[in-house]
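The values are calculated or read from the model by the stated rules, or taken from the named source; none is laboratory data. Remember, it's a predicted structure, so these values are computed and weren't measured experimentally. When we count neighbours, we look across all protein chains shown, and the Cβ atoms used for this are built from the backbone with ideal geometry, even at glycine.
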Amino acid sequence: MNVRVRSTNRISSLWAGPIILVFGLAFLFPGWLVHTSTQNRIATMLATEGRVVDFVSRTTTSDGQRKTYFYPVVEFRTANEEVIRFEGGAGSNPPSYRVGDTVRVLYDPQTPQSALIDSWELWLLPVIFIGVGGFFALIGIFVLLDALAALLKLGGLLALLGILLLRRKRT
């Protein structure tokens, strides 16, 4: 009796598998778009070495708590020997760098002011989205396959019962 109830519960999860799978795909798709966009943007940029020359501090208030983040200010030279100074896109507390630290800089030769510090932070958003999406998509696939296996097992048992009943009628 327990086996039958368990199989029925597994079969009823036929609707849960696709829902979890769609949820996972809803994260995978934008994650892949951001990944591709970042990769394409970086492919058009030139790499050079920059130096942290200063910090910009920004204080935010959320839930009644004040938090200060430090954004590095980086200076580098373009291929045309133009000196460019820009603010890094990610702030932290404590600061991720010290004044004088050397960092790898990526910049577009057409608009060198929109430079980026080449770090793991460029990939943080796509990794989060792809990781969460991949996890839920995989779980959705497993739940769906498990429900289909239970359905086939139940169908196989019903078919065997039908064959046995037909044999009895013939004899």
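Quick one: would you say Leu33 is surrounded by 10 or more Cβ atoms within 10 Å (Cβ to Cβ) and closer than 18 Å to Glu121 by Cα? So Leu33 passes the test.
Taking the conditions exactly as written (at pLDDT 90 or above, more than 26 Å from Asn93 (Cβ to Cβ) and surrounded by 15 or more Cβ atoms within 10 Å (Cβ to Cβ)), does Phe27 satisfy them or not? Yes. Please verify whether segment 131-142 includes one or more residues that are over 12 Å from the mean Cα position of the chain (by Cα), in contact (Cβ under 8 Å) with a residue 60 or more places away in the chain and within 21 Å of Val52 (Cβ to Cβ). No.
Asp146 - would you say it is out of contact with any Phe, Trp or Tyr (no Cβ under 8 Å at 6 or more places or on another chain) and modelled with pLDDT of 90 or more? Here the answer is no, as Asp146 does not meet what is asked.
Could you tell me whether Pro95 is surrounded by 14 or more Cβ atoms within 10 Å (Cβ to Cβ) and part of a strand (DSSP E or B)? Here the answer is no, as Pro95 does not meet what is asked.
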